[in-house]
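Computed from the coordinates by the stated procedures, all read-outs in this text should not be read as laboratory data. Only a predicted model underlies this, so the values are computations on that prediction, with no experimental measurement involved. Every residue, glycine as well, gets a Cβ built from its backbone with ideal geometry; the counts of neighbours run over all protein chains shown.
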Amino acid sequence: MKKAYVIGKNASKSLSPTIFNYWFKKYNIEGEYGFKEIDESNFNNVVSTTLKEKDLCGLNITIPFKEKIIEHLHSIDKNAEQIGAVNCVSKTEEGFEGTNTDWIGFEESIKWQEKNGISKINKKEIALVIGYGGAAKAIIYSLIKTGFKKIRVFNRDFAKIENLKKITPHKLEEFENYFKEADLAINTIPINFSKDLKLNIPTTIADDNQSTPHGFDACYNQQTFFLNHINYRKQFYGYHMLIHQAAPCFHRWFGIRPEIDAKLVSLLEELIKT
């Protein structure tokens, strides 16, 4: 029986096992998908041991190890190399290969929500991205590929982003200065902005919602300001990205390209609420 894991600092809170087990049942596949919660100090030892496990076919990597996993892999593909982060590890004849499906998950989740009439981004002019971890790098990669004219990135560690190409770097506290000009604002860091940072972001807006951007919160299981502080034009929720990044991983490991159906989306929505 093939098996896979999600690995991360708070992996026990991940919804990935729910997604994979749903597809195992739907497609009558005998497979196992669990989680391994790892402290940063013990990451190298646990990963080395895990990669030797019998019947292991793949790993999903989450915060904060999407960059650190690369040193344990035989190779990474072009997308992962350009992004600089890996969220999907697959066993091959040569060894373990890393790729990145987060950028696909981000792009496809927006398409899915637009297709199903949930929300629609009419312009592709200015995007704001908060954070510069593994998920943010994949989202920026997707924004560039889909043709956003300007991408502003805001990070607590400004030195980490100040020399990046194809984006405009900013200190985190500058976010409020560009909020109203954007068409899409994306959060990738698990923090409650209204409580912890107190950025001066507008909480009251015009009735037509045109003075704020669309909001996308990649931190689907955190109470960040994107979910409870601002009345966005429309909201895009990160669990859609989670489902859509999982689909190509499932296909790689178990040979079936799973359908993203409304029943699975509803299941995750209910789990997040509880």
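Quick rundown of the values:
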| item | result |
| --- | --- |
| Potential lengthening between K273 and D157 on full extension [0.36 nm per residue; Cα-Cα distance subtracted] | 38.5 nm |
| Neighbour-count order for S12, S109, fewest beta carbons within 10 angstrom listed first | S12, S109 |
| Violating pairs (Cα-Cα greater than 23 angstrom) within the set K150/K171; K13/K166; K26/K54; K9/K52; K160/K273; K3/K78 | K13/K166; K26/K54; K160/K273; K3/K78 |
| Order of S266, S41, S16 - criterion: other Cβ atoms within 10 Å of each residue's Cβ, fewest first | S41, S266, S16 |
| Dipole of the stretch 1-68, positive end: most advanced residue of N42, W23, T62 [Cβ charges, Cα centre] | W23 |
| Anisotropy class of the stretch 13-162 from Cα gyration tensor, a/c 1.5 cut | oblate |
| Exceeding the 28 Å Cα-Cα cut-off - candidates K25/K115; K25/K137; K137/K180; K2/K36 | K25/K137 |
| Charge sum, other residues only, whose C-beta stays under 11 Å from K26's C-beta, Lys/Arg counted +1 and Asp/Glu -1 | 0 |
| GluC sites (Glu not before Pro) within the stretch 1-63, DSSP loop, no more than 10 other Cβ atoms inside 10 Å | E30, E53 |
